[in-house]
Amino acid sequence: MSLRKVLSTLAATLAFASAGAWAQAPAPYEALNPAQIPEGGGKIEVIEFFWYGCPHCYAIEPAVNAWLKTLPADVVFRRIPAYPSDQWGEMAKVFYTIEAMGLLDKYHQKIFDAMHKDDKNLANKRIREEWLAKNGIDPAKYNEMEKSFTVATRVARARTMTANYRVDSVPRIFVNGKYFTSGDQAGGQEKLFSVVNDMIARVRKEKS
């Protein structure tokens, strides 16, 4: 067989393989089945399921915060601490306790930093209370709030939503209870919020 024919055959084989790989490439987002009822009060609801112990969740925080600065008027954003197991439940309590104390905006990033920069396991009560005291939060007031009906209700709701939204990895982002994506599915963290914007545009079009 001539070299030209060999090269021609090889080119055709590579083209076929490339076409097959393209056809099998995963979509950047997919539909949730069954869809969930959004709680955006008429706005398009974007939910990020996360866990404070997740390094990928920590890594995308700058992108989340940058995207929030461009949040459209018809979109509302919520963070939900994923609660697939009791191991994750302790940090869900931390999130909702700090939120109920009105301190979430100030301490959300600090909690992430403590876990990932300072290697402090805030799921451990002793370590958490030491960290709270050093960061200006009275551990006694924190513990009182953690036991409140408000926190218990929100934690239980997070556990139910984790199951209903079928969250088995984080971070995962949902739009209006219908579509979801993740960093890997979107093709990389740098593309994540471009895909989120595409999902929002699709929901907006469907609503109109």
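A few comments on the model shown:
- For the range 77-113, filtered to residues that are charged (D, E, K, R) and over 18 Å from the mean Cα position of the chain (by Cα), the residue that is farthest from Ser148 (Cα to Cα) is Lys106.
- Of all the criteria given as (1) crowded, with 20+ Cβ neighbours inside 10 Å; (2) more than 15 Å from Val46 (Cα to Cα); (3) within 23 Å of the chain's Cα centre (by Cα); (4) of a type outside the set (Asp, Glu), the one not satisfied by Gln185 is (1).
- Residue in the range 54-73 that is at pLDDT 95 or above, polar (S, T, N, Q) and surrounded by 13 or more Cβ atoms within 10 Å (Cβ to Cβ) present: no
Yes/no matrix, rows are residues, columns are (1) under 16 Å from the mean Cα position of the chain (by Cα); (2) hydrophobic (A, V, I, L, M, F, W, C):
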site: Ala123; (1), (2): no, yes
site: Tyr142; (1), (2): no, no
site: Val155; (1), (2): no, yes
site: Ala163; (1), (2): yes, yes
site: Ile173; (1), (2): yes, yes
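- Only one entry in Ile173, Ile200 is part of a helix (DSSP H, G or I) and closer than 26 Å to Thr70 by Cα, namely Ile200.
- Yes/no for Phe50 being surrounded by 20 or more Cβ atoms within 10 Å (Cβ to Cβ) and either within 28 Å of Arg204 (Cα to Cα) or touching a Ser or Thr at 6+ places or on another chain (Cβ under 8 Å) (or both): yes
- Yes/no for Val167 being more than 14 Å from Pro81 (Cα to Cα) and crowded, with 21+ Cβ neighbours inside 10 Å: no
- Flag if Gln87 is in a helix (DSSP H, G or I), at pLDDT below 95, closer than 30 Å to Ala156 by Cα and not hydroxyl-bearing (Ser, Thr, Tyr): yes
- Any pair with Cβ under 7 angstrom, 6 or more apart, that starts in the range 116-145 at a residue that is within 19 Å of Lys106 (Cβ to Cβ) and ends at one that is small (Gly, Ala, Ser) and surrounded by 12 or more Cβ atoms within 10 Å (Cβ to Cβ): Lys120/Ala114; Leu122/Ala114; Trp131/Ala114; Pro139/Ala133; Met145/Ala100
- When Glu190, Glu146 are checked against the criterion of being acidic (Asp, Glu) and surrounded by 14 or more Cβ atoms within 10 Å (Cβ to Cβ), Glu146 stands alone in meeting it.
The values are calculated or read from the model by the stated rules, or taken from the named source; none is laboratory data. Not measured: the values here are computed from a predicted model. We place every Cβ from the backbone using ideal geometry, glycine too, and count neighbours over all the protein chains shown.
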